[in-house]
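Got a structure for you, written out below as structure tokens; questions coming shortly.
Just so you know, all these numbers are worked out from the coordinates, no wet-lab data involved. Predicted model, so just to flag it, every value in this text is computed and none were measured. Cβ: placed from backbone, ideal geometry, glycine included. Neighbour counts: every protein chain shown.
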């Protein structure tokens with residue numbers, strides 16, 4: 001008999017630990033993240049969400065998080081699709097967008113791929129491109145640069161489904177995380193304006209201690225000057241100086257220009273994550 005799924009909006013301290021233990025076990029097994037960073041942070045901080053849990057006896061064996069109501073976003077620990085959970089969710093959500101991670105095929109045939117996010121990796125070092133004459137490269141300064149960075153980043157990602165609507169609260173949450181290091185958050189100023197930025201992070205707790213280009217963006221007013229190449233290579237150089245030997249980033253498959261840049265620097269696609277849409281019949 002299949003154990004049933006349970007739904008809650010707030011995790012008790014015991015269930016929160018159960019979820020974190022499951023995420024950690026899954027990451028050790030797969031050698032990659034078990035769930036999106038923002039969803040993991042929701043669990044870590046005990047924030048409200050639509051949590052779904054499946055226990056076998058006293059042991060939590062499956063976990064998923066749902067965000068949104070009429071048009072919900074779903075991700076399950078490990079990146080799979082579960083038929084029983086899918087049926088439960090379609091009973092209350094007319095449309096579901098479900099993240100699947102890695103090569104597995106969704107269990108349900110009646111779905112549409114609406115987005116593909118590609119994980120790319122590169123070995124360090126990568127040749128660093130010099131900062132243009134007259135430009136200034138410096139580190140992000142908390143308490144000084146928040147509004148300027150939000151304006152620059154949101155302008156660069158104006159049409160992006162996730163990156164183009166950052167609020168000060170979103171930035172503050174991340175700069176308060178233990179992993180935040182302003183020495184890895186680079187800002188490029190031209191003519192007194194913030195033209196581009198490259199935010200890197202080091203995954204210190206991962207066995208491979210790899211680096212990540214977390215967010216890279218160029219303000220539309222300064223595009224066409226190859227500043228993306230400058231900022232990516234400068235960010236990779238920061239990671240190299242911290243002893244990192246490999247770096248990764250995520251890019252939309254449809255972003256042909258960004259992919260061409262990354263490939264020219266030696267990045268290679270190692271995984272496809274697909275967002276698939278289910279609709280109640």
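Divide by every residue of the chain the summed helix terms, -39500 (n - 2.57) for each DSSP H run of at least 4, and state the resulting mean residue ellipticity at 222 nm, rounded to the nearest 500 deg cm²/dmol.
-8500 deg cm²/dmol
Considering the values (1) 138; (2) 108; (3) 233, which represents volume of the Cα convex hull per residue in Å³ as calculated for the structure under consideration?
(1)
For the range 185-227, what log10 I(q)/I(0) values come out of the Debye formula at q = 0.14, 0.18, 0.30 1/Å, with one point per alpha carbon and no solvent?
These q points yield log10 I(q)/I(0) values of -0.42, -0.58, -1.02.
How high is the relative contact order of the chain, in percent, with contacts defined as C-alpha pairs under 8 Å that are six or more residues apart?
That works out to 22 percent.
Hey, another quick one. Just grab the label-to-label distance for residue 130 and residue 12, each label 7 Å out from Cα along the Cβ direction, in nm (one decimal).
Rounded to a tenth, the inter-label distance reads 6.4 nm.
Another question about this same structure. At residue 139 and residue 193, where each label point lies 7 Å from the Cα along Cα→Cβ, what is the point-to-point distance in nanometres?
2.7 nm
Classify the range 1-112: rounded, prolate or oblate, from the alpha-carbon gyration tensor (a ≥ b ≥ c, eigenvalue square roots; a/c under 1.5 rounded; otherwise prolate if a/b is larger than b/c)?
In terms of gyration-tensor shape, rounded.
State whether the range 140-281 is rounded, prolate or oblate according to the following rule on the C-alpha gyration tensor (a ≥ b ≥ c being the square roots of its eigenvalues): a/c under 1.5 gives rounded; otherwise a/b larger than b/c gives prolate, and the remaining case gives oblate.
Here the range 140-281 falls in the rounded category.
Order of 53, 124 from fewest to most other C-beta atoms within 10 Å?
124, 53
Next question, about the same structure. Could you work out which residue, out of 222, 140, 210, moves most in a Gaussian network model of the chain, that is, has the largest mean-square fluctuation with Cα springs under 10 Å?
Sorting by GNM fluctuation, first place goes to 222.
Here's another thing I want to ask about it. Looking at the chain as a GNM with Cα springs under 10 Å, which of 110, 201, 268 has the largest mean-square fluctuation?
110
Still on this structure, I have one more. May I ask you to derive the relative contact order of the range 4-108, considering only C-alpha pairs under 8 Å and at least 6 residues apart, and to give it as an integer percent?
Once normalised by length, the contact order is 26 percent.
Express the relative contact order of the range 121-272 as a whole percentage, based on alpha carbon pairs under 8 Å and six or more residues apart in sequence.
Dividing the mean separation by the residue count of the range 121-272 yields 30 percent.
Using Cα centres only, tell me the gap between the range 199-260 and the range 6-82 in whole Å.
Spelled out, the Cα-based centre of one part sits 28 Å from the other.
Separation between the residue 115 and residue 175 pseudo-spin-labels, each 7 Å from Cα along Cα→Cβ, expressed in nm?
It is 2.5 nm.
Out of 146, 14, 83, any idea which swings most in a Gaussian network model of the chain, alpha carbons joined below 10 Å?
In this elastic network of the chain, the residue with the biggest mean-square fluctuation among 146, 14, 83 is 14.
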